[in-house]
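The values are calculated or read from the model by the stated rules, or taken from the named source; none is laboratory data. Owing to the predicted nature of the structure, the values given are computational and were not obtained by experimental measurement. Because the Cβ atoms are built from the backbone with ideal geometry, glycine has one as well, and the counts that use them run over all protein chains shown.
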Amino acid sequence: MADKLKVLFLCTGNSCRSQMAEGWARRLKSDSIEPYSAGIETHGLNPNAVKVMAEAGVDISGHHSKHLDELKDVDFDYVVTVCDNAHESCPMFPRKTKVVHVGFDDPPRLAKKAKTQEEALNIYRRVRDEIKVLIEKLPEYLKKNQK
């Protein structure tokens with residue numbers, strides 16, 4: 001069997017979307033992908049992201065918010081930017097590394113406008129499920145959409 005693809009899910013703060021993507025990839029694609037996540041900054045692991053992922057049977061409670069610099073020695077095949085800020089701020093990677101942008105809404109930002117905790121969690125759940133749909137399409141999606 002061929003080596004697993006090393007895929008980095010990159011977000012602004014590595015607190016929510018990129019953590020969800022890494023969690024889903026570990027759960028659903030561990031046979032073909034070696035997933036990582038990091039941020040342009042570190043904002044700490046978002047407890048609501050942990051909660052909604054646990055509801056879906058994926059434990060990301062042991063993850064921690066990582067700065068991209070912590071993974072500088074990893075030779076990635078793909079970098080998937082999951083937010084516009086990370087896409088716009090994405091540093092240069094070696095020529096071999098392909099960058100794919102798939103933007104998702106920012107649950108913490110949207111949840112600030114929620115009237116109840118349940119309404120806020122529903123925002124996280126929607127984004128969690130959208131990220132799962134992407135992960136289910138990997139690695140084929142990456143090969144078709146690389147830049």
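Answer yes if at least one residue in segment 106-127 is under 16 Å from ILE40 (Cα atoms), modelled with pLDDT of 95 or more and part of a loop (DSSP other than H, G, I, E, B), and no otherwise.
Yes, that holds for at least one residue.
Of all residues in segment 87-100, which are farther than 13 Å from ALA21 by Cβ and within 18 Å of the chain's Cα centre (by Cα)?
HIS87, GLU88, SER89, CYS90, PRO91, PHE93, THR97, LYS98, VAL99
When segment 13-35 is examined, which residues are found to be in contact with a strand residue (DSSP E or B) (Cβ under 6 Å, 6 or more places away or on another chain) and buried (at least 23 other Cβ atoms within 10 Å of the Cβ)?
Hits for segment 13-35 are GLY13, ASN14, ARG17, SER18, GLN19, ALA21, GLU22, ALA25, PRO35.
Out of all the residues in segment 13-32, which are under 19 Å from THR97 (Cα atoms) and under 13 Å from the mean Cα position of the chain (by Cα)?
Once the filter is applied, which keeps residues that are under 19 Å from THR97 (Cα atoms) and under 13 Å from the mean Cα position of the chain (by Cα), segment 13-32 yields SER18, ALA21, GLU22, ALA25.
For THR81, state whether it is surrounded by fewer than 14 Cβ atoms within 10 Å (Cβ to Cβ) and hydroxyl-bearing (Ser, Thr, Tyr).
It is false that THR81 is surrounded by fewer than 14 Cβ atoms within 10 Å (Cβ to Cβ) and hydroxyl-bearing (Ser, Thr, Tyr).
What number of residues in segment 30-45 are assigned to a loop (DSSP other than H, G, I, E, B) and closer than 17 Å to LYS132 by Cβ?
Total satisfying the criteria: 3.
Can you tell me which condition ILE40 does not meet? The list is (1) modelled with pLDDT under 95; (2) under 15 Å from LEU138 (Cβ atoms), and all the others hold.
(2)
For segment 61-94, which positions are aromatic (Phe, Trp, Tyr) and outside any loop (DSSP other than H, G, I, E, B)?
TYR78
Specify the residue that is farthest from PRO107 (Cα to Cα); the eligible residues are those in segment 118-131 that are buried (at least 19 other Cβ atoms within 10 Å of the Cβ) and under 14 Å from the mean Cα position of the chain (by Cα).
ILE131
Restricting the search to segment 1-29, which residues are assigned to a loop (DSSP other than H, G, I, E, B) and among the acidic types (Asp, Glu)?
Scanning segment 1-29 gives a single hit, ASP3.
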